[in-house]
């Protein structure tokens, strides 16, 4: 009936999704390897409205009026977060682009930037949720020092031996369009058609970064930016609520034309 | 035009004006959004040939007379640090391949699709001087002239155009403008590209708020006018009848 009512509502709806994304970013400010989400908005279809009649009495469709706003899409921003020193030998940070490959129990592969690995009861290198790193790297119980170099070679010094033994190689996956990956929770991403095929290689190849042992990548959420966005989103929500209120007033006034 | 029709016409255009205001406010957070301005047609347009020897000639059409134009002024640039965000500073639009041909946009939150093509957030290919732009990674470098580098290799230059008469650019939604057949498009000269920035909407919320108050109050005043006219008719019918 009154388009401005629905347009105001579309603005409120969009800002609510915006606040959802901002609050998720803020909640994960301390999650290792977390990538912030961002939401893009777009204006909705314009339609021509008859804006009057011209001198010959014909309707002239010169006015074009928009139909509100909507979320164009939500995407992850894959800028590299700050590396934080942890001194844990199994903490790895990727110094640039690339993802660790994680084998899920259902046989599929997921991708993560969170390099906080540990050993399970069999000495296998697994992530925090116990899913194995692809490559099946097993650390023998008698090893005293595990070293992972920047190109992903894993070596260990065993008790009573002088020379380190090689345990395996960590590969990284890279994507043409990382923003097209789907976040599935637990800091994991899944490959999609939009992201392209994973390109697997050693760290430092195919545009990926080298590994840094004893470091973890912090989230790339910047608190101040998120706070500013939150304030703006809240105010934008408020003003769109006012639009709904004003539309309501218009309806009320026109209902009271007749006493 | 009789009084009631005139009042109705005024109230109709208030509804349309509120429509325009709400569209602007709903898109406060839309990257590259250009605000719409409601234009009320001059009173003279109501008249057949204006004022002539026989006095004012009203057409008698009680149609709303609000049209819209686009305020093409630049919005503030917002730093985003995302290498795929590109803002046009100055006059100009980036060119994208839409299903119907070329479309123009200032919405520079770009993406790379699965085949390595530079696309808009809606998935339309962004055009360079030699067509679609293909990249091998997701972190191109874009300089001030719009040259796109893949690593150190120059791939293409983003095409930036402008319309000598901006009114020939018609909004089609999703931040896109289409060119009406009559309009001409020329390569832009006076611009700079800014990588890592997005252009915020050029909507000023305070301005729209004041327009909104104005509109609602005008609507209210028109209602009072209609009631006053109704009173007058009431008196004419009931009091004159008693004589």
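Just so it is clear, none of the values below were taken in a lab; they were calculated from the coordinates. These numbers were taken from a predicted model, which means no experiment stands behind them. Every residue, glycine as well, gets a Cβ built from its backbone with ideal geometry; the counts of neighbours run over all protein chains shown.
Scan the stretch A:98-141 for residues that are under 20 Å from residue A:81 (Cα atoms) and surrounded by fewer than 20 Cβ atoms within 10 Å (Cβ to Cβ) and the total you get is 3. The number of residues in the stretch A:74-129 being closer than 26 Å to residue A:40 by Cβ and assigned to a loop (DSSP other than H, G, I, E, B) comes to 10.
Could we say that residue A:221 is within 14 Å of another protein chain (Cβ to nearest Cβ) and either in a loop (DSSP other than H, G, I, E, B) or in contact with a strand residue (DSSP E or B) (Cβ under 9 Å, 6 or more places away or on another chain) (or both) here?
When the stated conditions are applied, residue A:221 passes them.
For the condition in a strand (DSSP E or B) and either surrounded by fewer than 19 Cβ atoms within 10 Å (Cβ to Cβ) or within 11 Å of chain B (Cβ to nearest Cβ) (or both), residue A:184 qualifies.
Yes/no per residue for (1) assigned to a loop (DSSP other than H, G, I, E, B); (2) within 30 Å of residue A:191 (Cβ to Cβ); (3) touching a helix residue (DSSP H, G or I) at 6+ places or on another chain (Cβ under 8 Å):
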{"position": "B:72", "(1), (2), (3)": "yes, no, yes"}
{"position": "B:83", "(1), (2), (3)": "yes, yes, no"}
{"position": "B:88", "(1), (2), (3)": "no, no, no"}
{"position": "B:115", "(1), (2), (3)": "yes, yes, no"}
{"position": "B:148", "(1), (2), (3)": "no, yes, no"}
{"position": "B:177", "(1), (2), (3)": "no, no, no"}
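Consider residue A:144 carefully, then state whether it is crowded, with 16+ Cβ neighbours inside 10 Å and either touching a strand residue (DSSP E or B) at 6+ places or on another chain (Cβ under 7 Å) or not in a loop (DSSP other than H, G, I, E, B) (or both). Walk me through it before giving the result.
Numbers: crowded, with 16+ Cβ neighbours inside 10 Å: no; either touching a strand residue (DSSP E or B) at 6+ places or on another chain (Cβ under 7 Å) or not in a loop (DSSP other than H, G, I, E, B) (or both): yes.
When the stated conditions are applied, residue A:144 does not pass them.
Against the condition within 14 Å of chain A (Cβ to nearest Cβ), crowded, with 20+ Cβ neighbours inside 10 Å and under 28 Å from the mean Cα position of the chain (by Cα), how does residue B:163 come out, does it pass? Give the derivation first.
Values: within 14 Å of chain A (Cβ to nearest Cβ): no; crowded, with 20+ Cβ neighbours inside 10 Å: yes; under 28 Å from the mean Cα position of the chain (by Cα): yes.
Answer is no for this residue.
Going by what's in this entry, would residue A:163 be described as in contact with a strand residue (DSSP E or B) (Cβ under 9 Å, 6 or more places away or on another chain) and without any contact (Cβ under 8 Å) to a residue 12 or more places away in the chain? The answer is yes for residue A:163. Each residue in the stretch B:171-212 was checked for being closer than 20 Å to residue A:255 by Cβ and loosely packed, with under 13 Cβ neighbours inside 10 Å, and 0 of them qualify.
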